[in-house]
Amino acid sequence: METLKKTLRTIENQYGEEIPAAVLFQENGQLYLWEINCLSALHYGLGNCHCVNHPVSIYYPVSTNDVIQRFGSDALDGFEAPSDAQRIFDAFGIEAEELETALRVAYQIGANPLPALRKKTNAPVVFSENPDYLSFPEEEPGTTIFVVNGRGEISVVTVEGRQEEINISTEPDDDPVGTPSLAIPG
Ligand SMILES: [Zn+2]
């Protein structure tokens with residue numbers, strides 16, 4: 001899969017070079033931020049620190065909201081729409097794979113993890129073995145719903161807007177001859 005990246009912030013080092021200080025990456029639709037961790041790092045020509053007891057740079061998953069808060073919404077220009085994994089991270093602050101492991105363990109020991117999940121997000125969190133067959137007539141179109149199954153897997157469902165109305169409006173055909181009521185002479 002393609003990795004997109006964009007430098008969001010640069011700093012000038014002691015040699016007068018503009019070097020990246022924060023770079024946003026997107027791998028498989030999930031955002032990660034790389035940042036210089038030590039602003040005195042010898043490694044980057046910033047100072048004399050050998051960075052023995054701390055990392056010279058850090059790389060970590062980041063929420064969409066954190067990126068916007070810190071760098072502005074322009075920071076996301078040029079990136080793809082968030083993957084389900086990113087939407088899970090945005091909602092719960094936990095990477096999807098880690099969260100699914102925790103959910104699986106919870107079900108194995110007979111604990112219900114959903115109340116804890118619901119405390120972390122305003123989005124509905126429901127249990128179902130068949131997310132494809134769920135409908136949410138009471139939810140606003142565009143609402144994100146997290147569906148957890150008994151194996152601890154999470155699906156992200158977006159409530160479709162006006163699906164039924166679209167179906168009805170396209171149903172009457174344009175062939176009056178085939179419609180008995182219209183074929184009867186008035
Ligand atoms: Zn250092």
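The values are calculated or read from the model by the stated rules, or taken from the named source; none is laboratory data. The model shown is predicted, which means the values in this text are computed figures rather than measured ones. Glycine also receives a Cβ, built like all others from the backbone with ideal geometry; neighbour counts cover every protein chain displayed.
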With the condition kept exactly as written, say whether any residue in segment 75-90 is loosely packed, with under 13 Cβ neighbours inside 10 Å, touching a helix residue (DSSP H, G or I) at 6+ places or on another chain (Cβ under 9 Å) and without any contact (Cβ under 8 Å) to a residue 60 or more places away in the chain.
-> no
Residue check, Phe89 against (1) within 30 Å of Arg118 (Cβ to Cβ); (2) not assigned by TED's automatic domain parsing to the domain that holds Ser155, all met but one. Which one?
-> (2)
Close pairs from segment 33-59: first in contact (Cβ under 8 Å) with a residue 60 or more places away in the chain and among the charged types (D, E, K, R), partner in a helix (DSSP H, G or I) and near the ligand (Cβ under 10 Å from one of its atoms), Cβ under 9 Å, at least 6 apart = none
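Can you name every residue in segment 48-72 that is exposed (fewer than 13 other Cβ atoms within 10 Å of the Cβ) and within 16 Å of the ligand (Cβ to nearest atom)?
If the condition is that a residue be exposed (fewer than 13 other Cβ atoms within 10 Å of the Cβ) and within 16 Å of the ligand (Cβ to nearest atom), then Asn48, His50, Val52, Asn53, His54, Pro55, Ile58 are the ones that fit.
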Hey, can you tell me all the residues within segment 22-47 that are crowded, with 18+ Cβ neighbours inside 10 Å and near the ligand (Cβ under 9 Å from one of its atoms)?
-> Cys38, Ala41, Leu46
Residue hits (segment 107-116; assigned to a helix (DSSP H, G or I) and among the polar types (S, T, N, Q)) are Gln108
